[in-house]
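Shown next, in structure tokens, is the structure this report addresses.
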Amino acid sequence: MGYLLDKCHFGILTSEIIDQCQPYRCSKDPDIDSFFHKDTKDNFSDYRSEMMGYTHCFYTEEESPRMVCAFSLSNSALRTDTLSKRKRNKFNKSIPNTKRRSQYPAILIGQLCVFDGFGHHSIDENVGDEMMDLIKTMAIKPDNDCATRYLVVDALNTPNVLEYYKRNGFEFLFESDEEELQCLRSYDAGKSLFRKIQERCHLAEKQEAPACRTRLMLFDLILLRQ
């Protein structure tokens, strides 16, 4: 089946699980590492207490368990009224005319991490890809109370991160950094779901072209029903 399903427990991340699995870390991204620990600023527990998102984790079935990976999910929406007419028409081609809206139900992947030592298991299984497959499965479960059409993520604009999401079927909502920045700047950030993204945009050092620190990417869950 896979390393996560065969060798790991799955559950909502709690302080008790953290205490069992210490120590663990994600050295490649200290901010993400901090999110998945207790007693840190703006962590998973803060989001859960404010009902802003729930964090799930996999940890090994060993007597002294180890944290393998974790991710947070939130209910969200993918808005098309922020897009140019050309981009909106292109996006809506996959939606029947009678079902087209200014926004579509989505699940936001807020944070996602594979902890040190588990990126590629010894039997050549990629834990990160397996985790994403399980997130997709959770999103389309028939017993979900709320239907969702898309998975969306505000992905860090680095080659490794973008390649991970592209390898797992995600596409950019905007074709370039410039297009994404232009759209974000032209929309009222106070009313936009893209406010967080806009705040994180910047001009790349020593470059004439603007760059985003993050890129908005999406996966159309209808593909799993076909």
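The values are calculated or read from the model by the stated rules, or taken from the named source; none is laboratory data. These numbers were taken from a predicted model, which means no experiment stands behind them. Every residue, glycine among them, receives a Cβ derived from its backbone with ideal geometry; neighbour counts consider all protein chains shown.
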**Message:** Tell me whether the stretch 14-25 contains one or more residues that are at pLDDT below 90 and either of a type in the set (Lys, Arg) or outside any helix (DSSP H, G or I) (or both).
**Reply:** yes
**Request:** Consider only pairs whose beta carbons are under 6 Å apart and that are at least six residues apart or on different chains; among these, list those whose first residue lies in the stretch 145-167 and is farther than 20 Å from Leu184 by Cβ and whose second residue is buried (at least 20 other Cβ atoms within 10 Å of the Cβ) and not aliphatic (A, V, I, L, M).
**Result:** Arg149/Tyr104; Leu151/Phe219
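Would you confirm, using the coordinates I've provided, whether Asp19 is within 23 Å of Ala155 (Cβ to Cβ) and either small (Gly, Ala, Ser) or surrounded by fewer than 15 Cβ atoms within 10 Å (Cβ to Cβ) (or both)?
no
In the stretch 45-65, what residues are crowded, with 18+ Cβ neighbours inside 10 Å and either among the small types (Gly, Ala, Ser) or at pLDDT 95 or above (or both)? Give the steps one after another, and end with the answer.
Keep residues of the stretch 45-65 that are crowded, with 18+ Cβ neighbours inside 10 Å, which gives 45, 47, 53, 55-59.
Correct list: Ser45, Gly53, Thr55, His56, Cys57, Phe58, Tyr59.
Listed here are the residues, each with its yes/no results for (1) over 28 Å from Gln182 (Cα atoms); (2) small (Gly, Ala, Ser); (3) touching a residue at least 12 places away in the same chain (Cβ under 8 Å).
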site: Lys87; (1), (2), (3): no, no, yes
site: Lys93; (1), (2), (3): no, no, no
site: Arg100; (1), (2), (3): no, no, no
site: Pro105; (1), (2), (3): no, no, yes
site: Leu108; (1), (2), (3): no, no, yes
site: Leu112; (1), (2), (3): no, no, yes
site: Phe115; (1), (2), (3): yes, no, yes
site: Phe118; (1), (2), (3): yes, no, yes
**Request:** Inspect the stretch 91-113 for any residue being at pLDDT below 85, within 21 Å of the chain's Cα centre (by Cα) and surrounded by 11 or more Cβ atoms within 10 Å (Cβ to Cβ) and give the result as yes or no.
**Result:** yes
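When you check Ser76 against the structure, is it buried (at least 16 other Cβ atoms within 10 Å of the Cβ), under 23 Å from the mean Cα position of the chain (by Cα), modelled with pLDDT of 85 or more and assigned to a strand (DSSP E or B), yes or no? Give the steps one after another, and end with the answer.
Numbers: buried (at least 16 other Cβ atoms within 10 Å of the Cβ): yes; under 23 Å from the mean Cα position of the chain (by Cα): yes; modelled with pLDDT of 85 or more: yes; assigned to a strand (DSSP E or B): yes.
Judged against the criteria, Ser76 is a match.
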**Message:** Can you tell me which condition Phe172 does not meet? The list is (1) surrounded by fewer than 18 Cβ atoms within 10 Å (Cβ to Cβ); (2) farther than 23 Å from Asn89 by Cβ; (3) modelled with pLDDT of 90 or more, and all the others hold.
**Reply:** (2)
**Single unsatisfied condition, Ser186 versus (1) under 18 Å from Phe91 (Cβ atoms); (2) surrounded by fewer than 16 Cβ atoms within 10 Å (Cβ to Cβ); (3) at pLDDT 85 or above** = (3)
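Look at Leu13 and say whether it is in contact with a strand residue (DSSP E or B) (Cβ under 9 Å, 6 or more places away or on another chain), closer than 16 Å to Phe118 by Cβ and not acidic (Asp, Glu). Step through it out loud before you land on a result.
Details: in contact with a strand residue (DSSP E or B) (Cβ under 9 Å, 6 or more places away or on another chain): yes; closer than 16 Å to Phe118 by Cβ: yes; not acidic (Asp, Glu): yes.
Judged against the criteria, Leu13 is a match.
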